[in-house]
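*Asks:* After the structure tokens below, expect a handful of questions from me.
No value in this document is a laboratory result; all are computed from the given coordinates. The model shown is predicted, which means the values in this text are computed figures rather than measured ones. Backbone-built Cβ (ideal geometry, glycine too); neighbour counts: all protein chains shown.
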Ligand SMILES: NC(=O)C1=CN([C@@H]2O[C@H](COP(=O)(O)OP(=O)(O)OC[C@H]3O[C@@H](n4cnc5c(N)ncnc54)[C@H](O)[C@@H]3O)[C@@H](O)[C@H]2O)C=CC1
Ligand SMILES: O=CC(=O)O
């Protein structure tokens, strides 16, 4: 019998994908750095039984509709807003992601970004490199304290809770806003649930870790920034499209908020001409929340395992559209009895 065909959208190390070679014909795009063009991905998908994709790959309705053999799409990332999950579900294609293995690493980066923004670390580094450091003065690079301040986490999920845990080490007051209450986080971390508006009004640091959904798209807009303190620092390590960049720019220029630290943007990658880069009180990173060597390997292994299990008819480790699996299981159950 012909082996299933797996297409991987970056060139991953052979020891990571080796496992798939035992059960499938595996092809990879020929670069780890450059993305596969959409048309090539679509053409490969039309023959593939499984795709291993990056969060930067667009796996839209049209691509999924023209992939008749596809059984599983395994995304290298916990977010899956790049995939038309509803279309995959309609066609009974499993969609998998890489939760948990990246939570601590992303929380570390989120906190690093918060600290770099509040304490002007990047600015200080550039100041010396440009030869501007001539004297010391009492307000030289004076930023904002972090300890004992109030952090407001929007999207208190796996990563949000890890950020809250880090905040306890800084003796911060923790507020959160989430779709549902997190009783355990409230008891263990002393986090307090508040409305979105209350969180905006009371927080010194507003941290966005919510997924991109129709409900969260653009939630950090002109109104949201206007409700924040003038001394507030906005950190976005979730998804760029949950904020309106033009509104953020205006809020920073008009001093409605003090600073912003951003790992994600509305449209990535941004260019060196991006308006936000002209502002001295903005720290930017190129979407590297989970980018530690250890964690990236764990994510790759999990994505490979997800495909391996799905192609063997077994339950993948991390499923986004679990309803398909449950349906499949109940059909098998009904047959057996
Ligand atoms: N910057 C980076 O490199 C990374 C970014 N991410 C982003 O972080 C997001 C969160 O990841 P996890 O914590 O693992 O996901 P999660 O699903 O555990 O947490 C997300 C939380 O957001 C909440 N939420 C959803 N809609 C909301 C709304 N309208 N208002 C308030 N809360 C809402 C959910 O209830 C959930 O608790 C991912 O979806 C991804 O977009 C994740 C990893 C790395
Ligand atoms: O953005 C990264 C992810 O894992 O989601």
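*Asks:* With r as the distance between the Cβ atoms of residue 254 and residue 328 and R0 = 45 Å, compute the FRET efficiency 1/(1 + (r/R0)^6) and round to 0.05.
*Replies:* With R0 = 45 Å, the Cβ-Cβ based efficiency is 0.25.
*Asks:* Report the dimensions of segment 147-198 along its three principal axes from the alpha-carbon atoms, largest first, rounded to Å.
*Replies:* So the extents along the principal axes, rounded to whole Å, are 27, 21, 17.
*Asks:* Sort 311-321, 260-270 by the packing proxy (mean of other Cβ within 10 Å over each peptide's residues), most packed first. Each step should come with its number before you reach the end.
*Replies:* Working: 311-321: 17.0, 260-270: 18.8.
My ranking of the peptides, most packed first, is 260-270, 311-321.
*Asks:* Two decimals, Cα atoms only, Kirkwood Rh: what is Rg/Rh over segment 36-101?
*Replies:* 0.93
*Asks:* Give me the distance between the Cα centres of segment 98-132 and segment 147-201, rounded to whole Å.
*Replies:* 20 Å
*Asks:* If I fit a long axis through the Cα atoms of helix 293-311 and take the longest principal axis of the Cα atoms of the chain, what angle between them do I get, 0 to 90°, rounded to 10?
*Replies:* 30 degrees
*Asks:* Under a crude label model (7 Å from the Cα following the beta-carbon direction), how far is residue 246 from residue 184 in nanometres?
*Replies:* 4.3 nm
*Asks:* Students often get this wrong: which residues of segment 28-42 have the backbone nitrogen under 20 Å from the point 7 angstrom along Cα-to-C-beta of residue 13?
*Replies:* Once the point is set 7 Å along Cα→Cβ of residue 13, 28-34 turn out to lie under 20 Å by backbone N, inside segment 28-42.
*Asks:* Let me check I have the definition right: for segment 81-191, take the eigenvalues of the Cα gyration tensor, multiply each by 5, take square roots. What are those semi-axes in whole Å, largest first? Kindly include the intermediate steps, with their values, before the conclusion.
*Replies:* On the way: eigenvalues 269, 92, 20 Å².
Semi-axes (√(5λ), whole Å): 37, 21, 10.
*Asks:* To continue, here is another question. Suppose R0 equals 56 Å. What FRET efficiency, 1/(1 + (r/R0)^6) with r the Cβ-Cβ distance, do residue 47 and residue 194 give to the nearest 0.05?
*Replies:* So, using R0 = 56 Å, E works out to roughly 0.65.
*Asks:* Suppose we keep just the alpha-carbon trace of segment 153-311; what are its Rg and Dmax in angstrom?
*Replies:* Considering segment 153-311 through its Cα atoms, Rg and Dmax are 16.7, 54 Å.
*Asks:* Based on DSSP H runs of at least 4 residues, each adding -39500 (n - 2.57), what is the mean residue ellipticity at 222 nm of the chain after dividing by all its residues, to the nearest 500 deg cm²/dmol?
*Replies:* That calculation yields -11000 deg cm²/dmol at 222 nm.
*Asks:* Based on the alpha carbons, how large is the Rg to Rh ratio for the chain when Rh follows Kirkwood?
*Replies:* Across the chain, the Cα-based Rg/Rh ratio is 1.02.
*Asks:* For residue 121 and residue 171, what does the FRET efficiency come to when R0 = 22 Å and r is the distance between their Cβ atoms, rounded to the nearest 0.05?
*Replies:* 0.60
*Asks:* Could you give the length gained by full extension between residue 279 and residue 58, i.e. 0.36 nm per residue of separation minus their alpha carbon distance, to one decimal place? Walk me through the numbers before you get to the answer.
*Replies:* Working: separation 221, 0.36 × 221 = 79.56 nm, distance 3.06 nm.
Length gained, residue 279 through residue 58: 76.5 nm.
*Asks:* Treat each spin label as a single point 7 Å out from the Cα along the C-beta direction, and report the residue 89 to residue 226 distance in nm.
*Replies:* That separation, rounded to one decimal, is 3.5 nm.
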